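Q: Have a look at this one before I ask anything.
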Amino acid sequence: MKCKIEVREPDWKPLEAVLPPGRCSPFMYMGNAGGIVLYKHRDTRRYLNIDATTGRVYRYVDGHYTEIDRELALEYVHGSIGWSRGEDYGKERQ
């Protein structure tokens, strides 16, 4: 999925639905790409991209957003792993 990024009024509901209470404060709202809301972690500078309707998580790869495993995305955005461990998760699910 390829989408233009638009900056709107921050929407924190998708992030709050994915993370436990109190874990959202390190994130900055960066914009929307279609129905995907983009958040950047203040310390790791890594993105967490969440579909505002479904709560599915996406990775931006080669100019497109591809769905990935939520737990892997959370490990990545918090700096626990690099993408080399999760290469298979960068591919679109069928």
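Q: Sorted from fewest to most neighbouring beta carbons within 10 Å, what does the list 74, 38 look like?
A: With the sparsest Cβ surroundings first, the list reads 74, 38.
Q: A further question on this structure: Note the full-extension length gain between residue 61 and residue 4 as 0.36 nm times their separation in residues minus their Cα-Cα distance, in nm to one decimal.
A: Using 0.36 nm per residue and subtracting the Cα-Cα distance, I get 19.1 nm.
Q: Now for a different question. Grab the other residues whose beta carbon is less than 15 angstrom from that of residue 50, score K and R as +1, D and E as -1, and report the net.
A: +2
Coordinate-derived values only; no laboratory data. No experiment lies behind these values; they were computed from the predicted model shown. Every residue, glycine among them, receives a Cβ derived from its backbone with ideal geometry; neighbour counts consider all protein chains shown.
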